[in-house]
Amino acid sequence: MGESADRDLLVAIRALAKADRGVSEVGRPMTMHFGPHDVLVVLRIEFDPALTASGVAEAIERVEARIRSQRPDVKHIDVEARSTQNRAGP
């Protein structure tokens, strides 16, 4: 309990999130085990700036559903939504 997920799970979660058409970029997932089959995932996701607020909400639902269907041990998902327009420039 309290440990981060293994590298394979981190890679899989990131790939599942990046596969969504509304996702531009996915940061490194942060994870914590609450139990052997109970994982919390925090994702920082940048969405296509052309998406509306409802489009972002729909994309989040798709990402969460995809992760839960492929990785049933992931019980809790927290998405920090960002737009590429919010990215700080050089």
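Just one of (1) of a type outside the set (Lys, Arg); (2) crowded, with 16+ Cβ neighbours inside 10 Å; (3) touching a strand residue (DSSP E or B) at 6+ places or on another chain (Cβ under 8 Å) fails for GLU80. It is (2).
Taken over segment 25-35, the criterion of being at pLDDT 95 or above and either surrounded by 18 or more Cβ atoms within 10 Å (Cβ to Cβ) or among the small types (Gly, Ala, Ser) (or both) is satisfied by VAL26 alone.
The set of residues in segment 12-46 that are under 18 Å from ILE60 (Cα atoms) and either out of contact with any strand residue (DSSP E or B) (no Cβ under 7 Å at 6 or more places or on another chain) or part of a loop (DSSP other than H, G, I, E, B) (or both) comprises ALA12, ALA15, LEU16, ALA19, ASP20, ARG21, GLY22, GLY27, ARG28, PRO29. Within segment 47-74, the set of residues being surrounded by 15 or more Cβ atoms within 10 Å (Cβ to Cβ) and not in a helix (DSSP H, G or I) comprises PHE47, ASP48, LEU51, ARG71, VAL74.
Number of residues in segment 1-11 that are within 24 Å of GLU58 (Cα to Cα) and out of contact with any strand residue (DSSP E or B) (no Cβ under 9 Å at 6 or more places or on another chain) equals 1.
Restricting ASP38, ASP48 to residues that are among the acidic types (Asp, Glu), under 23 Å from ARG7 (Cα atoms) and at pLDDT below 95 narrows the list to ASP38.
The values are calculated or read from the model by the stated rules, or taken from the named source; none is laboratory data. In this text the structure is predicted, and so the values were computed from the model without any measurement. Because the Cβ atoms are built from the backbone with ideal geometry, glycine has one as well, and the counts that use them run over all protein chains shown.
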